[in-house]
Amino acid sequence: MAQTLCNSDGAPAPRVLQERFLDADCTGCWSGAASGPTVPARTLTLDWIVPSATAANGAAMSAAALPEAQARLDALHRAAPSAVETLQASAPVGAARQGALRVARGAAVSDYVGVSIAWKPPRTATAPATAWLVLAEALPAGAEGSAVERLLVRGALTLRWQPKAGTALSESRSMRVPESADPSRLRMVGWVEDGSGRILAAAASVCRPT
């Protein structure tokens, strides 16, 4: 595993996870300003680009579209967005203790980056849980033609965990860095859900100079 450059140590945990889903052929969704009510403090917003059902590989943003985006929609029991509007979903994050969930990444080497997620479940937790670990690119407003800043999902892993009393759960993997992504802007976001889809804990990395 590469030396950690970015991790969630000491970073405030998100209180709300907001997810925006854009059809890969909806360039207006990407370039336009975000709409909707004001988000609460410590809301973490992810942008998923969903493969277009109509334009397929000919879609304007097909290079950034992820099959995992459809998998995430399926997990949320939501239909794919239309080609003319952004689909938004948000959920509160449970009041887990600080540091209950940790995410991290190392340096990108040969188009791959080492990533990890670790969860310290409550001692009473025994039900199966699902962990999501997302590699996202932080894009400032104005970048890539977007009017707003975005945390664009570039890859995602799904893990099935079975908690045991007093035992931490963790996973380390390598994830591919897309050719169009800037490695210096990559962040890690992770969360753990129960069987009903409720978010038990969430974390987002902060990158610090080494």
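Quick note: the coordinates plus some simple rules give every number you see, no bench work behind them. Being a predicted model, the structure only gives us computed values, none of them experimental. Neighbour counts run over all protein chains shown; Cβ positions are idealised from the backbone, glycine included.
Using alpha carbons only, what's the Rg to Rh ratio of region 69-179 with Rh from Kirkwood? Please list the in-between numbers first.
Numbers: Rg = 16.5 Å, Rh = 16.5 Å.
We get a ratio of 1.00 for region 69-179.
Enumerate the amide H contacts of GLU149 below 5 Å, restricted to partners 5 or more residues apart or on another chain; note that Pro and chain-start residues carry no placed amide H.
Under 5 Å from the amide H of GLU149 lie the amide H atoms of ALA141, each far enough along the sequence or on another chain.
Below 8 Å between Cα atoms, with a sequence gap of 6+, how large is the relative contact order for the chain in percent?
Numbers: 508 pairs, mean separation 59.5, N = 210.
For the chain, the relative contact order is 28 percent.
Let me know the Rg and Dmax you get for region 164-210 when you use only its Cα atoms, in Å.
Over region 164-210's Cα set, Rg and Dmax evaluate to 14.6, 43 Å.
Once R0 is set to 30 Å, what does the formula 1/(1 + (r/R0)^6) return for the Cβ-Cβ distance between ALA165 and ALA11, expressed as a FRET efficiency to the nearest 0.05?
Numbers: r = 27 Å, r/R0 = 0.91.
After rounding, the FRET efficiency stands at 0.65.
Within region 70-96, which residues have the backbone N less than 16 Å from the label spot 7 Å out from THR54 along Cα→beta-carbon, could you tell me?
Within reach of a label on THR54, which here means backbone N under 16 Å from a point 7 Å along Cα→Cβ, region 70-96 contributes 80-87.
Using +1 on the beta carbon of Lys and Arg, -1 on that of Asp and Glu, and nothing else charged, what's the dipole of the chain about the Cα centre, debye to 20?
Computed charge dipole of the chain: roughly 960 debye.
Taking the Cα atoms of region 4-207 alone, what are Rg (to one decimal) and Dmax (as a whole number) in Å?
So, for region 4-207, Rg and Dmax equal 16.5, 50 Å respectively.
Against the empirical 2.2 N^0.38 Å scaling, what ratio does the C-alpha Rg of region 74-113 come to?
Working: Rg = 17.0 Å, N = 40, 2.2 N^0.38 = 8.9 Å.
Relative to the 2.2 N^0.38 Å estimate, region 74-113 comes out at 1.90.
Enumerate the calculated ³J(HN,Hα) couplings along region 154-170 in order (Karplus 6.51 cos²θ - 1.76 cosθ + 1.60, θ = phi - 60°), each rounded to whole Hz, writing x wherever the residue is Gly or Pro.
Computed from phi, the couplings for region 154-170 are 10, x, 8, 10, 10, 10, 9, 10, 10, x, 10, 3, x, 10, 7, 10, 8 Hz.
Among 18-25, 188-195, how do they line up from the highest to the lowest mean number of other beta-carbon atoms within 10 Å? Display every interim value, and only then the final one.
Values: 18-25: 24.4, 188-195: 21.6.
So the order, starting with the most tightly packed, is 18-25, 188-195.
Can you give me the angle between helix 67-76 and the longest principal axis of the chain, using Cα atoms only, in degrees from 0 to 90, rounded to the nearest 10?
70
What does the charge count near PRO121 come to, summing +1 for each Lys or Arg and -1 for each Asp or Glu among other residues with Cβ under 11 Å from its Cβ? Walk me through the intermediate numbers first.
Numbers: positive: ARG97, LYS120, ARG123, LYS164; negative: ASP194.
Residues close to PRO121 contribute a combined charge of +3.
Set the Förster distance to 22 Å, then compute FRET efficiency between GLU179 and ALA138 from the Cβ-Cβ distance, nearest 0.05. Don't skip to the end; give the middle numbers.
Working: r = 18 Å, r/R0 = 0.81.
Step by step, r from the Cβ atoms, then E = 0.80.
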